[in-house]
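Please read through the structure below; I'll follow up with questions.
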Amino acid sequence: MSRPVPLTAQLMATLTLLAWGLAPGGVASGAPSRLRAALRDDLLSKADYERMERGYYEGLLDAGRSLGALDGGPRLRESALPRRGWTHLEAAPFEAGPLASVVADVREFVLKPNLSIEHQGARWSTNSLGMRDREYATAKPPRTFRIALVGDSIGAGWGVSDGQGFEPALERRLDARSRAAGGPAVEVLNFAVPGHGPGQRWDHFTRVGWAMGPDLVIFESTPADAGWDERRLRGLLPKGVGWDAPVYRDVLAASGARPGGDMAAYKRALRPYRAAFAAGVFRVAAADCRARGVPCVWVLVPRVGKAVDPAERRRLVAQARQAEFAAVADLSDAYDGIDPAALAIGPHDFHPNADGHARLARRLDEVLRQRPELCRAWAPAPALGADRP
């Protein structure tokens, strides 16, 4: 078990106030979607399907040169769609589209600031810092407890309108409970960017997040994180991008990869280190937070109706524990017992709808109050289940 990070008096006092009340924990897994069934029919290997999935995430942000949606589902780039006989399916090239701008660093793209648009049936707004969130002062106001969310498309609330993601729902719950108990305001700042792999998420946060003075960091992860960074680097390294990124430096050195190669060469060099990249990112993120005295909670978030290899899931959780985050929480049970059709944004998409996000917020709220690493100094909390609806 990982060693807990010592907490500041402010953190312990604030989390004590947040410990009142309880939310329901159970929510849903489910059967594969018709899209995945179609992919199986096209005889894709597991590795090919995983690469297509990464292309799908990038296609989420792409507004141009894309095929029509499948039965009204999300639009996928032609290069991301399965074809018989493909044995080396690669991730689709990213195009910024209406939501994001390309940047010349390892992140590849970030959300545009000051957005207010409709995109694929959802209202999208961003603040002046390019966060899908309300406006916040950079300097933390007095009597305010700040939580930073580092994440991907689920964290950003892909497919649901402003205010319906689990991040704003969690903020409302924590802030209301803290204020009712006479505590500080609670802000949850959303630094999630759709399509970002684990290393890109952390690189983005270190560039823009620390200046906001967070008291607690939540690192959102999904089962898709296994191998995501390795695939992104295949395309970045030939461009000279990623070599100096702290989140990748150690694993790149171990792989023997050197500047001057092409995608095929980097695929051969990096593939054996597929799992090591995620582990390396987790170590860097946890160490960065420990160095600043800011606890970081790693949270594995499920995808609606998406089957997960149990061994892969266990490996991700083990890597997070070995990285020595302040707390590690597996929310894979968040959708248990619920029909995926009632929780997904569409029949071909494993992103949660507003109800799915509300369930994630309640489950994460519960986790923050249950972790022994965070609550050893708390006053006795209400019995579990006491206020479940």
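Laboratory data are not the source of any read-out in this text; all were calculated from the coordinates shown. Only a predicted model underlies this, so the values are computations on that prediction, with no experimental measurement involved. Using ideal geometry, Cβ is built from the backbone for each residue, glycine included, and neighbour counts are taken over all protein chains shown.
Using a/c under 1.5 as the rounded threshold, could you call region 222-320 rounded, prolate or oblate? The axes a ≥ b ≥ c are square roots of the C-alpha gyration tensor eigenvalues, and prolate needs a/b larger than b/c, oblate otherwise.
On the way: a/c = 2.34, a/b = 1.31, b/c = 1.79.
It is oblate, given that a/c is not under 1.5 and a/b is not larger than b/c.
About the Cα centre of region 251-377, what is the dipole size in debye to 20, counting +1 per Lys and Arg Cβ and -1 per Asp and Glu Cβ, all else neutral? List each step's numbers first, then the result.
Numbers: 20 positive and 14 negative charges, 120 e Å.
Roughly 580 debye for region 251-377.
Find the centroid of the Cα atoms in region 127-175 and in region 280-353, then give the distance between the two in whole Å.
18
Let me ask something else about it. How big is the Rg/Rh ratio for region 101-220, C-alpha atoms only, Rh by Kirkwood, two decimals? Each step should come with its number before you reach the end.
Details: Rg = 14.0 Å, Rh = 14.6 Å.
Taking Rh as the inverse mean 1/r over Cα pairs, Rg/Rh reads 0.96.
Under a 5 Å amide H to amide H cut-off, with H placed in plane at 1.01 Å, what residues pair with LEU189 once short-range neighbours are removed?
ILE147, ALA148, LEU149
Work through the residues other than ALA279 whose Cβ is under 11 Å from its Cβ and net out their charges, Lys, Arg +1 and Asp, Glu -1.
On the way: positive: ARG274, ARG283, ARG315, ARG321; negative: ASP225, ASP229, ASP250.
Net charge in that neighbourhood comes out at +1.
I've got another one for you. Assuming a ≥ b ≥ c are the square roots of the Cα gyration tensor eigenvalues, decide whether region 153-221 counts as rounded (a/c under 1.5), prolate (otherwise, with a/b larger than b/c) or oblate.
Numbers: a/c = 2.92, a/b = 1.43, b/c = 2.05.
It comes out oblate by the Cα gyration axes.
Across every pair of different alpha-carbon atoms, what Kirkwood hydrodynamic radius in Å does region 92-150 reach? Don't skip to the end; give the middle numbers.
Numbers: mean 1/r = 0.0751 Å⁻¹.
Taking the inverse mean of 1/r over all distinct Cα pairs, region 92-150 comes out at 13.3 Å.
Here's another thing I want to ask about it. Calculate the FRET efficiency for ALA275 and THR138 from the Cβ-Cβ distance with a Förster distance of 41 Å, rounded to the nearest 0.05. Working shown, then result.
Values: r = 37 Å, r/R0 = 0.90.
It comes out at approximately 0.65.
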